[in-house]
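Chemist: Can you read through this structure? Questions will come right after.
The values are calculated or read from the model by the stated rules, or taken from the named source; none is laboratory data. Quantities reported herein were computed from a predicted structural model and do not represent experimental measurements. Cβ placement follows ideal geometry from the backbone for every residue including glycine, while neighbour counts extend to all protein chains displayed. Keep in mind that these areas ignore ligands, DNA and RNA; they rest on the heavy atoms of the full protein, side chains included. Shrake-Rupley method; radii C 1.70, N 1.55, O 1.52, S 1.80 Å.
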Amino acid sequence: MPVDARAHAESLLGQMRLEHKLGQMIQAERASTTPDDVARYHIGSVLSGGGSVPGANRVADWVAMNDAYWMASMREEEGRIPVPLLYAIDAIHGNTNVLGATVFPHNIGLGAARDPELIERLARLCAEEVLATGLDWTFAPTLAVVRNIKWGRTYESFSEDPAIVASYAAQYVKGLQGALDENGVIACAKHWIGDGGTTGGVDQGDTACSEEELLRIHAAPYLPALEAGVLTVMASFNSWNKEKCHASRYLLTDVLKGRLGFDGFVISDWDGVDQLDDDIATALATAINAGVDMVMVSVEWKKMLETLHRLVAEGRIPMSRIDDAVRRILEVKARAGLFERPRPAERPWANSPTFGAAAHRAIAREAVRKSLVLLKNDGSVLPVAKGARILVAGKNADNRGHQCGGFTVEWQGARSNDRIEGGTSIWEGIRAVAANAEFSEDGSAADRARHDVAIVVIGETPYAEGMGDIRHGGAVPRGSGIQTMTNLAPYGSTLVLAERHPEDLATIQRIQAQGIPVVTVLISGRPLVTNAELDASQAFVAAWLPGSEGAGVADVLFGDHEFRGTLPFTWPKTDEGEYGRVVPAFPRGFGLTLR
Ligand code: GLC
């Protein structure tokens, strides 16, 4: 801990009244919070939930919005102590809420690339595009080690192998935070702990395992992240052996802050505190006393703040715990240089033209190339000759929204090209290099007399969190006792692609029936059971969720770059998603090359 940061925090803490302190412990969502609220209630942080955007969702709108919040937090009025606000966002594969951002592959594709140096460059470009919008903090990296690919957040995980996830953690933190000066943003390792290990892969479910397994598998990536100086950690919605992580003093304080020495602050997840008890006071006291330092609140932040005051007055939260939480928050703000920074609109990166710029897109396109995994290439149908007469088909061939996946412009992702400004769909990338390429989404234009080969892009459509789960049964409640209960319907009930998306196999077979060899490209947030599609294809490529730079797929299909990706997860032959129980069609680490 830098001495000056600690001294600064202590000095501020000594000046603060209870209202100043408790305000710092609240993170309120922008749609329910005005700059005047920030000033009046001494709010420490504001966030954008997925898809919660200002104005026309342009860079300038973001800078103006955060400038207003930050100026409110710094008002020097009677009864106020200026403390710079922290604005946070889920920039988890680029600053992708914002129109025109560079969208790089989701973590599962980066796990296939096996390239820690690339990770640091991607995190760096992400930091620059977050800074361009005037923000200070991103809820990344996700360090989940997913053990059941039926989880809707599998794509946010680098791998089922904790060693692969751990190999990226420090690079990601360093790429984001840098030297903790005006060129860096605050990182957040999430979600502590065991988010990827729930039974059945159910989102926000229960992770049933020994402490040895929890630490060996799920905590392993946090060690390099902590070593790299990550400043915040997000508590996880899941429970461990039936105890909610948000309520676990053992996990949040004894292990994370005590044994592992984490000296930043812990933030709760979205209304995660409310889930602890129907009585919000009991829920809040439990979470804060367990070690949550800042409470993320979607709507009812005033009620949460009032409850905090009541709990302190009643002695249900000791002042020592409040002071510890606020000290941690102030120290993070000091270590991140926030007290020395000018207002967001006057910062060096504000409105930077590097946002979505070609140089950033080139790095994202490199990541796309390195993420592709070649599972089959019969008769060396790949690489495709650029002069060949190519039929391009499939619902995901010309849809930049689909190739980006969740947490892109909208929480649940975008569904069309026009929502993803800049970049290229996979079809646009092919068309740019192959003069004789033709597009027919369902393949009905297939004609052996006119086409030498087909490239069919299939797979999943965007989802996020529980809405990406594969499970039987209907929606499950989430959210809290005081918030509107939001039920999340799962994505489907099977990993078998031909059952969830029969239109894909139909397209492949329609073309194959013409005697045209098929190269299938799968867009998905996880491995899937694709036996039928594999059998019907001469070549098969796992492309994951490549993001805005779909042209990176063409770079490899035409042989300008070699395949180098290898599977970060076991690829299943049957509808069993549980790690260790999956009958592999292909093992983790599998990946062919052209030569
Ligand atoms: C979500 C996610 C978390 C995200 C947060 C803010 O529910 O669990 O990963 O950072 O809310 O959007």
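Chemist: Being in a helix (DSSP H, G or I) and among the hydroxyl-bearing types (Ser, Thr, Tyr) is the filter; apply it to segment 133-183 and report the residue that is farthest from the chain's Cα centre (by Cα).
Modeler: Applying the filter and picking the extreme gives SER167.
Chemist: Which residue, of MET304, MET296, is assigned by TED's automatic domain parsing to the domain that holds ARG17, touching a residue at least 24 places away in the same chain (Cβ under 8 Å) and touching a Phe, Trp or Tyr at 6+ places or on another chain (Cβ under 6 Å)?
Modeler: MET296
Yes/no matrix, rows are residues, columns are (1) closer than 22 Å to LEU231 by Cβ; (2) open to solvent by 10 Å² or more (accessible area, probe 1.4 Å):
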| position | (1), (2) |
| --- | --- |
| TRP62 | yes, no |
| MET65 | no, yes |
| SER73 | yes, no |
| PRO82 | yes, yes |
| LEU86 | yes, no |
| ASP90 | yes, yes |
| GLY100 | no, yes |
| PRO105 | no, no |
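Chemist: Hey, does segment 110-119 have a residue that's touching a Phe, Trp or Tyr at 6+ places or on another chain (Cβ under 7 Å), farther than 29 Å from LEU338 by Cβ, of a type in the set (Lys, Arg) and open to solvent by 10 Å² or more (accessible area, probe 1.4 Å)?
Modeler: Scanning segment 110-119, I find no residue that is touching a Phe, Trp or Tyr at 6+ places or on another chain (Cβ under 7 Å), farther than 29 Å from LEU338 by Cβ, of a type in the set (Lys, Arg) and open to solvent by 10 Å² or more (accessible area, probe 1.4 Å), so the answer is no.
Chemist: Continuing with this model, one more query. If I ask for residues that are assigned to a helix (DSSP H, G or I) and in contact with a strand residue (DSSP E or B) (Cβ under 8 Å, 6 or more places away or on another chain), which ones from segment 6-28 would you list? Show your work before the answer.
Modeler: Keep residues of segment 6-28 that are assigned to a helix (DSSP H, G or I), which gives 6-15, 18-24.
Listed by number, the list holds a single entry, GLN24.
Chemist: Mind listing whichever residues of segment 304-329 are under 23 Å from LEU256 (Cβ atoms) and among the β-branched types (Val, Ile, Thr)?
Modeler: Hits for segment 304-329 are ILE317, ILE322, VAL326, ILE329.
Chemist: List the pairs whose first member sits in segment 248-272 and is touching a residue at least 12 places away in the same chain (Cβ under 8 Å), whose second member is more than 15 Å from the ligand (Cβ to nearest atom) and open to solvent by 10 Å² or more (accessible area, probe 1.4 Å), and whose Cβ atoms are under 6 Å apart, counting only residues at least 6 apart or on separate chains?
Modeler: Short answer, once both residue conditions are applied: LEU260/LEU226; PHE262/LEU226; ASP263/MET1; PHE265/ARG328.
Chemist: Out of LEU86, LEU13, LEU118, which single residue is at pLDDT 95 or above, touching a Lys or Arg at 6+ places or on another chain (Cβ under 7 Å), within 16 Å of the ligand (Cβ to nearest atom) and not assigned by TED's automatic domain parsing to the domain that holds TYR463?
Modeler: LEU86 is the lone residue from the list that is at pLDDT 95 or above, touching a Lys or Arg at 6+ places or on another chain (Cβ under 7 Å), within 16 Å of the ligand (Cβ to nearest atom) and not assigned by TED's automatic domain parsing to the domain that holds TYR463.
Chemist: Suppose we filter LEU256, LEU276, LEU226 for residues that are over 21 Å from LYS302 (Cα atoms) and open to solvent by 10 Å² or more (accessible area, probe 1.4 Å); which single one remains?
Modeler: Every option except LEU226 fails the conditions.
Chemist: Also, quick follow-up: Based on what the data block shows, is ALA388 open to solvent by less than 10 Å² (accessible area, probe 1.4 Å) and touching a strand residue (DSSP E or B) at 6+ places or on another chain (Cβ under 6 Å)?
Modeler: Values: open to solvent by less than 10 Å² (accessible area, probe 1.4 Å): no; touching a strand residue (DSSP E or B) at 6+ places or on another chain (Cβ under 6 Å): yes.
Considered against the rule, which asks whether it is open to solvent by less than 10 Å² (accessible area, probe 1.4 Å) and touching a strand residue (DSSP E or B) at 6+ places or on another chain (Cβ under 6 Å), ALA388 comes out as no.
Chemist: Mind listing whichever residues of segment 75-95 are in a loop (DSSP other than H, G, I, E, B), more than 15 Å from GLN15 (Cβ to Cβ) and in contact with an Asp or Glu (Cβ under 8 Å, 6 or more places away or on another chain)?
Modeler: The answer is ALA91, ILE92, GLY94, ASN95.
Chemist: Here are VAL130, VAL98: which of them is within 16 Å of the ligand (Cβ to nearest atom) and either not assigned by TED's automatic domain parsing to the domain that holds LYS257 or not in a loop (DSSP other than H, G, I, E, B) (or both)?
Modeler: The unique qualifying residue is VAL130.
Chemist: Now for a different question. Of (1) more than 25 Å from THR207 (Cα to Cα); (2) touching a helix residue (DSSP H, G or I) at 6+ places or on another chain (Cβ under 9 Å); (3) of a type in the set (Gly, Ala, Ser), GLY515 satisfies all except one. Which?
Modeler: With (1) more than 25 Å from THR207 (Cα to Cα); (2) touching a helix residue (DSSP H, G or I) at 6+ places or on another chain (Cβ under 9 Å); (3) of a type in the set (Gly, Ala, Ser) applied to GLY515, the lone miss is (2).
Chemist: Restricting to segment 170-213, give me the number of residues that are polar (S, T, N, Q) and open to solvent by 10 Å² or more (accessible area, probe 1.4 Å).
Modeler: The total comes to 5.
Chemist: Looking at (1) of a type in the set (Ser, Thr, Tyr); (2) closer than 24 Å to TRP137 by Cα; (3) open to solvent by less than 10 Å² (accessible area, probe 1.4 Å), which is the only condition SER167 fails?
Modeler: Going through (1) of a type in the set (Ser, Thr, Tyr); (2) closer than 24 Å to TRP137 by Cα; (3) open to solvent by less than 10 Å² (accessible area, probe 1.4 Å) one by one, SER167 breaks only (3).
Chemist: Read through the list (1) more than 15 Å from the ligand (Cβ to nearest atom); (2) modelled with pLDDT under 95; (3) in contact with a helix residue (DSSP H, G or I) (Cβ under 8 Å, 6 or more places away or on another chain), then give the number of the only condition that GLN275 fails.
Modeler: (1)
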